[in-house]
Amino acid sequence: MRVLRRALGTLLALGLAVSCTPARGDDSKGGGPRPAALGPYEWLLPAPASVRAEGPGYLFGAGTVVRTGRHAPEEVRQVGELLAEQLRGPSGLPLPVVDGQDGDGIRLLLDEGAGDLGAEGYRLRTDASGVTLTARTPAGLFHAGQTLRQLLPVRGTGSVPGGTVTDTPRFAYRGAMIDVARHFFPVEQVKRYVDQLAQYKINTLHLHLTDDQGWRLVIDSWPRLAEHGGGSEVGGGPGGHWTKEEYRELVAYAAERYVDVVPEIDMPGHVNAAQASYAELNCDGKVRDRYTGIKVGFSSLCVGKERTYEFLDEVLGELAELTPGKYLHIGGDEAHSTPAADYAAFMDRAQQIVARHGKTVVAWHQLANARPAPGAVLQYWGHDGTGAAEKAAVVAAGKSGHPVILSPADRAYLDMKYDKATKPGLAWAGYVPVRRSYSWDPGSYLTGLPESAVLGVEAPLWTETIATRGDWELMAFPRVLGLAELGWSPATALGWESYRARLAAQGPRLDAQDTTYFRAPEVPWGQ
């Protein structure tokens, strides 16, 4: 392998063109030959849409500067500053950010006429004079910068190979979810996750903020939600909550990395923390004890009380004011204690409230069995054992205009154990090894659902058994990287044999970033 890579490097140095279009493996079975040799661009993850390696590369060294253009918008300057900061750490270089495009270095070019690149696409072109990152939007420039990071050594300096990457995402929504309700985590840990996700072009962070075990965000109009409802977690720990300022800080931090935050207030079930905080939310008017177990489906807001909807209006109103993104997630899953007719009536009112606050509803796919509001997004979390009727309801909703986010539990749930030896995690959807989590196609996953109805994919991490950063990262990595590729890369670039080699190449990067990850035996780490 090393001899072949050296030979490829010689060809590049001589200025000879080498095609580096990602090799396609087979379908979900993951067969197909492993490429005889991988060029520098073929190590990229997610696999880019189009690559051509040719000509001399650019020596990234002491004289390198980041150029943002003389009259570039301030947002482009901010992208350049962040990229320089990300590159300084591994390289040790000063990397000043300067105005103007003339001269060698890393050049950021905003081209609003580059319609072929869409809202997030980019073009990265390297020759002996430097690397030019071109995009129609600042988000595209940011993604180009993350690709550049992978083309440089994990530590130190080196050469960026000559060539051109032209890249656009397959799906608009590429998400990950973290549950801070079952176990509480501080904002700084979530920021770290944002950085880990954004470098692989994940653009959405779904925050599960409330559940039976805890309420994690201050709501001024209902202060006991955080003060009392936030004071518990699974296993009886102290819990905790975020202030509004902490939440705003997280949202702004994510936005600088082109990650939208989608907050979730789960309802009408998963609400014991709220019921423990306010007796008036219960039909019998009696306050509930706080809950520290992991059972689901036992709690429900009082559908018949008008006070319930005043509560929703005030809570969702404050959350909408804090959240600049377009979506509010209202849960809707596992409402086993809410009769079907009451569930439908409740979700009607809840969706109206979300709309009144200027947001678009996202809900778990059980909403398909009620009355989804126009444009409501459904998040599917079923698995191979999910009944045909339940899947059919989601397909019908998708065909009628409701975008679908795919989070199949036996593929995308990051809290499912890799195997029986995995210490944290659950296994109710089965074991989910790295190969299984990657080997499915979102565009054809639900029979009958057209790819045009798929908004994207999301990898949720539920925290019933996750209480430390180490366990969080062990369960998320490397599987979340596969979900990132499924959301970004074209279908023709997907294939297990190619992916496992590229995933193995990320090992040194994860190590350098002090990320805990599962060394899956089916991945050739260190080879």
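The values are calculated or read from the model by the stated rules, or taken from the named source; none is laboratory data. This structure is a prediction, so every number in the text was calculated from the model and none was measured. All Cβ positions, glycine included, derive from the backbone under ideal geometry; neighbour counts span all protein chains shown. Surface accessibility is based on the protein's heavy atoms, side chains included, excluding ligands, DNA and RNA. Shrake-Rupley method; radii C 1.70, N 1.55, O 1.52, S 1.80 Å.
Residue-level check: of (1) open to solvent by 10 Å² or more (accessible area, probe 1.4 Å); (2) of a type outside the set (Phe, Trp, Tyr); (3) closer than 24 Å to Val154 by Cβ; (4) out of contact with any helix residue (DSSP H, G or I) (no Cβ under 9 Å at 6 or more places or on another chain), Pro90 misses just (4). Looking only at residues that are more than 15 Å from the chain's Cα centre (by Cα) and more than 15 Å from Val377 (Cα to Cα) in the range 401-414, which one is surrounded by the fewest Cβ atoms within 10 Å (Cβ to Cβ)? Among residues in the range 401-414 that are more than 15 Å from the chain's Cα centre (by Cα) and more than 15 Å from Val377 (Cα to Cα), the one surrounded by the fewest Cβ atoms within 10 Å (Cβ to Cβ) is Asp410.
Of all residues in the range 122-143 being part of a strand (DSSP E or B) and over 25 Å from Glu74 (Cβ atoms), which is most open to solvent (accessible area, probe 1.4 Å)? By that ranking, first place goes to Asp127.
Going by what's in this entry, would Ala114 be described as closer than 30 Å to Asp415 by Cα and small (Gly, Ala, Ser)? Working first, answer last.
Numbers: closer than 30 Å to Asp415 by Cα: no; small (Gly, Ala, Ser): yes.
When the stated conditions are applied, Ala114 does not pass them.
Thr338 passes every criterion in (1) open to solvent by 10 Å² or more (accessible area, probe 1.4 Å); (2) more than 21 Å from Ser400 (Cα to Cα); (3) part of a helix (DSSP H, G or I); (4) among the polar types (S, T, N, Q) apart from (3). Report yes if Glu42 is assigned to a loop (DSSP other than H, G, I, E, B), open to solvent by 20 Å² or more (accessible area, probe 1.4 Å) and acidic (Asp, Glu), otherwise no. No. For the range 341-369: of the residues being of a type in the set (S, T, N, Q) and part of a helix (DSSP H, G or I), which is surrounded by the fewest Cβ atoms within 10 Å (Cβ to Cβ)? Out of the qualifying residues, it is Gln352. The single residue among Trp428, Trp440 that is closer than 20 Å to Ser489 by Cβ, assigned to a loop (DSSP other than H, G, I, E, B) and out of contact with any Gly (no Cβ under 7 Å at 6 or more places or on another chain) turns out to be Trp440. Taken as a whole, the structure leaves Ala23 outside the set of residues that are modelled with pLDDT of 95 or more and touching a helix residue (DSSP H, G or I) at 6+ places or on another chain (Cβ under 6 Å). For the range 247-266, the condition holds for at least one residue, the condition being that it is open to solvent by less than 10 Å² (accessible area, probe 1.4 Å), in contact with a Pro (Cβ under 9 Å, 6 or more places away or on another chain), closer than 24 Å to Val377 by Cα and not in a strand (DSSP E or B).
For the range 386-400, give me each residue that is free of Cβ contacts under 8 Å to residues at least 40 places away in the same chain and either within 24 Å of the chain's Cα centre (by Cα) or part of a loop (DSSP other than H, G, I, E, B) (or both). Explain how you work it out, then say what you get.
Just the residues of the range 386-400 that are free of Cβ contacts under 8 Å to residues at least 40 places away in the same chain, to begin with: 386-390, 393, 396-397, 400.
Hits for the range 386-400 are Thr386, Gly387, Ala397, Ser400.
Do we find a residue being of a type in the set (Asp, Glu), farther than 27 Å from Leu250 by Cα and open to solvent by 50 Å² or more (accessible area, probe 1.4 Å) anywhere in the range 312-332? It would help to see each step written out before you state the result.
Going through the range 312-332, the residues of a type in the set (Asp, Glu) turn out to be 313-314, 318, 321.
The next check asks that each one be farther than 27 Å from Leu250 by Cα; those that pass are none.
No.
The residues of the range 144-160 that are in a loop (DSSP other than H, G, I, E, B) and open to solvent by 20 Å² or more (accessible area, probe 1.4 Å), listed by number, are Pro153, Val154, Arg155, Gly156, Thr157. Across the range 500-509, the number of residues qualifying as farther than 12 Å from Ala47 by Cα, assigned to a helix (DSSP H, G or I) and open to solvent by less than 10 Å² (accessible area, probe 1.4 Å) comes to 1.
Pick out the one residue from Arg371, Arg290, Arg307 that is among the charged types (D, E, K, R) and farther than 18 Å from Gly229 by Cβ. Exactly one of Arg371, Arg290, Arg307 is among the charged types (D, E, K, R) and farther than 18 Å from Gly229 by Cβ, namely Arg371.
Checking the condition of a type in the set (D, E, K, R), buried (at least 22 other Cβ atoms within 10 Å of the Cβ), in a helix (DSSP H, G or I) and in contact (Cβ under 8 Å) with a residue 12 or more places away in the chain, which residue from Glu485, Glu497, Glu458 passes? Show your work before the answer.
Numbers: Glu497 fails: buried (at least 22 other Cβ atoms within 10 Å of the Cβ); Glu458 fails: in a helix (DSSP H, G or I).
Result: Glu485 is the single residue among Glu485, Glu497, Glu458 that is of a type in the set (D, E, K, R), buried (at least 22 other Cβ atoms within 10 Å of the Cβ), in a helix (DSSP H, G or I) and in contact (Cβ under 8 Å) with a residue 12 or more places away in the chain.
Quick check: is even one residue across the range 368-375 touching a residue at least 60 places away in the same chain (Cβ under 8 Å) and of a type outside the set (Phe, Trp, Tyr)? Checking the range 368-375: not a single residue is touching a residue at least 60 places away in the same chain (Cβ under 8 Å) and of a type outside the set (Phe, Trp, Tyr). Looking across the range 214-232, the residues that are in contact (Cβ under 8 Å) with a residue 60 or more places away in the chain and open to solvent by 20 Å² or more (accessible area, probe 1.4 Å) come down to Asp220, Ser221, His228. Among the residues of the range 190-213, those that are part of a loop (DSSP other than H, G, I, E, B) and either under 14 Å from Trp462 (Cβ atoms) or open to solvent by 10 Å² or more (accessible area, probe 1.4 Å) (or both) comprise Gln199, Asn203, Leu209, Asp212, Gln213.
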